[in-house]
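Report on the structure given below.
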2 protein chains.
Amino acid sequence: MSNIKPSLAKGTRDFSPIEMVKRNYIYDTIKKVFRKYGYAEIQTPSMENLSTLTGKYGDEGDKLIFKILNSGDYLSKVNPELLESRNSNGMIASISEKALRYDLTVPFARYVVMHQNEITLPFKRFQVQPVWRADRPQKGRYREFYQCDVDVVGSESLLNEAEFVLIYQEALSNLGLSDFSIKINNRKILTGIAEIIGKPELIIDMTVAIDKLDKIGFEGVTKELLSKGFTDADIEVLKPVILLEGSNEEKLAQLKQVLASSEAGLKGISEIETVFNYVASLAGSELRAAMQLELDITLARGLNYYTGCIFEVKTNEVAMGSIGGGGRYDDLTGMFGLKGLTGVGVSFGADRIYDVLLELDLFPESASAGTKVLISNFDATAEAYALPLLQALRQAEISAELYPASAKLKKQMSYADDKHIPYVILIGSDEMESGLLTLKDMKSGVQEKLGIDAIIDMLTESAL
Amino acid sequence: MSNIKPSLAKGTRDFSPIEMVKRNYIYDTIKKVFRKYGYAEIQTPSMENLSTLTGKYGDEGDKLIFKILNSGDYLSKVNPELLESRNSNGMIASISEKALRYDLTVPFARYVVMHQNEITLPFKRFQVQPVWRADRPQKGRYREFYQCDVDVVGSESLLNEAEFVLIYQEALSNLGLSDFSIKINNRKILTGIAEIIGKPELIIDMTVAIDKLDKIGFEGVTKELLSKGFTDADIEVLKPVILLEGSNEEKLAQLKQVLASSEAGLKGISEIETVFNYVASLAGSELRAAMQLELDITLARGLNYYTGCIFEVKTNEVAMGSIGGGGRYDDLTGMFGLKGLTGVGVSFGADRIYDVLLELDLFPESASAGTKVLISNFDATAEAYALPLLQALRQAEISAELYPASAKLKKQMSYADDKHIPYVILIGSDEMESGLLTLKDMKSGVQEKLGIDAIIDMLTESAL
């Protein structure tokens, strides 16, 4: 056994007990909402066949996939020429059959295709698992991080889109966020805009430029559009669309005029209207009024992928990128040979949500998460006295510990403090004689003498 | 995008919704008990530096570690001689810096050493995460599987050992198992036995042979011992130990006589007695009587690792290997340069427990796990009528779905059936007129006409 100073692999993290309580709080809150909307959890393996992943994320993505070295004599089948020319890239397929999951979408598509005879459509699933990317690590970007995806395949209904709006609203509200925007757009509207300008082939350049409005302003967008082959006349047509203002209804009314001659554009508008109507019916007037659901024509996201509605969620309380997003894709499983299955889904950026809740101090105290009460241990007699009490507490479903050795009061108190244990039961000779134990509230410092039953009642109540 | 028929990487599994509900039930039940005993969750990264893992699991283990290929031009730094000679093994260190977690113990030791200034001793942690091994896949053995470990470091108290006995007892009982044995032994007793025979150097051979008593009987054990260098006289001394019978107290009494001259042996006996006393005090007489806690001198486990008490748990209801095990190790963190930190821990074999519960039909119906009620959808009018009802159900924390398109009754019913949804609300023109909805119990087939409030009350009650 070597005696090295250990370190973490670059871009990875340990999660301490206190971080795990917070992370679990986020996942549990979100999963509970997913379940309430009829979504069921699945898990796929961390390792997929490399061939399942290759070619799904573009050339850049392929490079960021972590490949797993074959076991045994992995060089035995390598073409000698590749070996001699030190062709790292060319050799990969010969020495690596497996790779780590890069996202949850491709494995989900594989799952649907492989299990198509077992699952009933529409299939509503959520998945919360880590993914791995060989990105250069930097602040807030890790090589291992969790994705939190919820998707339905096999249903064209826009009710699904509306329910995702409600899922965002409910999950983020339940996490304590009060000021966040759910932005919605439709890829068909963007197609329509490119059509009426007469430059459908430039749709990607157009949306990439429009997407930057927030950062570079209208002037910047204009400059970029001109450099990509748009004319001043095109920009005149685009201007009212890019600078669209007012309520969702006002925006839609304006868009209907601009896009009157585009079938795709009108379809996109109609889809957005249907989603808005579903949201209004589901949410009721009060909740709908409280929601910040905004049509945002500058919202682009991964355009080569999405085909219908697209979503993005931003908090307005902290400077932070989007904390969620997603959309409709008409052909999820085509990459594995199962054509024509439509899907729509969104995801939550759990790591960013973690940072937001931390900054806004929104994590609850979650007293129930850790040990609720520590019993002191001053000598063998007190320890023996404490053992049945310890189990009585646990039988009442109270998380309890006995300090596992006789030690000085100070040491035991600092153990309780460090572990954020809210109560300590002190047992000395007085307590053993009277049966009244000293219960110390570690926050207020207040001490009370109580019997074990009264303590159990109190600690049970304080958990409610 | 290639158009291949997708498959799973060898030795890995997808978990469907119905499997996830069962798996979560097991993990949640076990974790709840861990927390009640004061253990807190941590997580470590899936990838560790290869140097952190190498040399910790023996030569065979090293081969079974999944190595991750370095990104980019991974061949650039490889020694030309290694490349020319196709030295797969020799090249690993040059082309792979990282590897997948092989167990939870070594990462935990690394965690303790790296975080030694933040954590308070004794440090009680549990960890439930997947591990990966490049084993040949076979029935019940996977390349990705979950471990479920609970350990404490920095406490010598045998109270910890006793609490692990109670944790096993409580967690397995909560899972519905009623007939299982918690076997305990102590490595010092085995040391003592080897000492009194005068062959301490043969302790490994001795325990490996004794460990097989169940399978090959006393005659087989004798044969193996003779072949390993033990004499007939040695076996005469060993015989009463190997064939030790009676209650724990009777066994201990006999062992005390046999091991009277071995300091280590007596220490081992005394440790076991202390654990038994702690268990008796904690459990109370009724629970203690119901427990099958057995001193089993043939229990060996990984002897080069453990130094004190060792545990193994077996169910007596199904033919299955051990469903849990663990023990005390005096030097957990020495491999990373932090000496003298004692640890004790156990683990649950969650995959085997899954198979046992399945075979014994012990999984609860967990009605609350999936969608509780489906609202039918026959046309646009009924759908519009249903939307506020759908949200009313969800506001009452009832997991509910509206079938997302107008469809035939049969199709919607089979959707509910396939998804194990216990109730369906049928909405036709009668229902819309009267406000009394038809609630169908999918199990009994019984239909009732009820208002939405009554339905909410009923479904809320049925979740209790």
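The values are calculated or read from the model by the stated rules, or taken from the named source; none is laboratory data. If you're wondering where the values come from, they're calculated on a predicted model, not measured in any experiment. Neighbour counts run over all protein chains shown; Cβ positions are idealised from the backbone, glycine included. Areas reflect the complete protein model, heavy atoms only, side chains present, ligands, DNA and RNA absent. Shrake-Rupley method; radii C 1.70, N 1.55, O 1.52, S 1.80 Å.
Structure above, values below:
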| read-out | value |
| --- | --- |
| Degrees between helix B:213-227 axis and first principal axis of chain B (Cα, 0 to 90, nearest 10) | 30 |
| Accessible area buried at the A-B interface, both sides summed, 1.4 Å probe (Å², nearest 100) | 9100 |
| Given B:Lys124/B:Lys251; B:Lys10/B:Lys372; A:Lys98/B:Lys339; B:Lys22/B:Lys314, the pairs whose alpha carbons are separated by over 27 Å | B:Lys124/B:Lys251; B:Lys10/B:Lys372; A:Lys98/B:Lys339 |
| Within the accessible area of segment A:128-284 (1.4 Å probe), percent carbon and sulfur | 48 |
| Protection-proxy order for peptides A:270-283, B:449-462, each taking the mean of Cβ atoms within 10 Å per residue, highest first | A:270-283, B:449-462 |
| Mean ellipticity per residue at 222 nm, deg cm²/dmol - from DSSP H runs of n ≥ 4 across chain A, formula -39500 (n - 2.57) | -13500 deg cm²/dmol |
| Size of electric dipole in segment A:287-445: Cβ of Lys, Arg +1 and of Asp, Glu -1, about Cα centre, debye, nearest 20 | 320 |
| Nonlocal amide H pairs with A:Gly308, under 5 Å, H built at 1.01 Å | A:Arg187, A:Arg328 |
| Cut-off 12 Å between beta-carbons: net charge of the residues surrounding A:Ile95, Lys and Arg +1, Asp and Glu -1 | +3 |
| Label 7 Å beyond Cα on the Cβ vector: A:Asp14 copy-to-copy distances, nm | 3.7 |
| Between segment B:64-80 and segment B:384-438, the alpha-carbon center distance in angstrom | 56 |
| Charged-residue dipole, Cβ positions (Lys, Arg, Asp, Glu), the protein assembly as shown about Cα centre, Debye nearest 20 | 2020 |
| DSSP-defined antiparallel bridges as percent of all bridges, segment B:308-464, nearest 5 | 75 |
| Acute angle (nearest 10 degrees) that the helix B:159-174 long axis makes with the longest principal axis of chain B, alpha-carbon atoms | 40 |
| DSSP bridge orientation in segment B:370-462 - percent antiparallel, rounded to nearest 5 | 55 |
| For A:417-428, mean number of other protein chain Cβ atoms within 10 Å | 1 |
| log10 of Debye I(q)/I(0), alpha-carbon scatterers only, for segment B:305-464 at 0.12 Å⁻¹ | -0.66 |
| Largest-first principal axis extents, alpha carbons of chain A, Å | 93, 70, 48 |
| Peptide-level mean, for B:160-171, of C-beta atoms on other protein chains within 10 Å | 1 |
| For segment B:97-103, 3J(HN,Hα) per residue [Karplus equation, 6.51 cos²θ - 1.76 cosθ + 1.60, θ = phi - 60°, Hz, x = Gly/Pro] | 9, 10, 8, 7, 3, 9, 8 |
| Ranked packing of B:235-247, A:59-71, most packed first, by mean Cβ within 10 Å | A:59-71, B:235-247 |
| Antiparallel DSSP beta bridges within the protein assembly as shown, as percent of all bridges there, nearest 5 | 80 |
| Helix B:232-242 axis, angle to chain B major axis (alpha carbon atoms, nearest 10°) | 30 |
| Carbon + sulfur, % of accessible area of segment A:370-462 - ligands and nucleic acids excluded, 1.4 Å | 54 |
| Gyration tensor (alpha-carbon) shape descriptor, segment B:233-278, a/c threshold 1.5 | oblate |
| Gyration tensor (Cα) of segment A:266-349, equivalent ellipsoid semi-axes in angstrom | 25, 18, 12 |
| About the Cα centre, charge dipole magnitude for segment A:370-462 (Lys/Arg +1, Asp/Glu -1 at Cβ), debye | 360 |
| Among A:Gly370, A:Tyr415, A:Thr460 the positive-end extreme of the charge dipole of segment A:370-462 (Cβ point charges) | A:Tyr415 |
| HN-Hα J in Hz across segment A:254-268 - Karplus 6.51, -1.76, 1.60, θ = phi - 60°, x for Gly and Pro | 4, 4, 4, 5, 4, 9, 3, 9, 10, 4, 4, x, 5, 4, x |
| Protection-proxy order for peptides B:325-332, B:401-408, B:109-116, each taking the mean of Cβ atoms within 10 Å per residue, highest first | B:325-332, B:109-116, B:401-408 |
| Spatial separation of Cα centroids for segment B:132-165 and segment B:225-291, in angstrom | 25 |
| For residues of A:10-19, the mean tally of beta carbons on other chains within 10 Å | 6 |
| Cα gyration tensor shape of the protein assembly as shown, rounded if a/c is under 1.5, else prolate or oblate by comparing a/b with b/c | prolate |
| For A:Ile235, net neighbour charge (Lys/Arg +1, Asp/Glu -1) across residues whose Cβ lies under 14 Å away | -2 |
| Per-pair calculated FRET efficiency, R0 = 45 Å: A:Asp28 and B:Ser429 via Cβ, rounded to 0.05 | 0.60 |
| Inter-copy separations for B:Gly428, label at 7 Å along Cα-Cβ, nm, ascending | 7.8 |
| Cα→Cβ-extended label distance, 7 Å offset, between B:Lys10 and A:Lys339, nm | 3.4 |
| Cα shape, segment B:370-462, gyration tensor, a/c 1.5 rule | rounded |
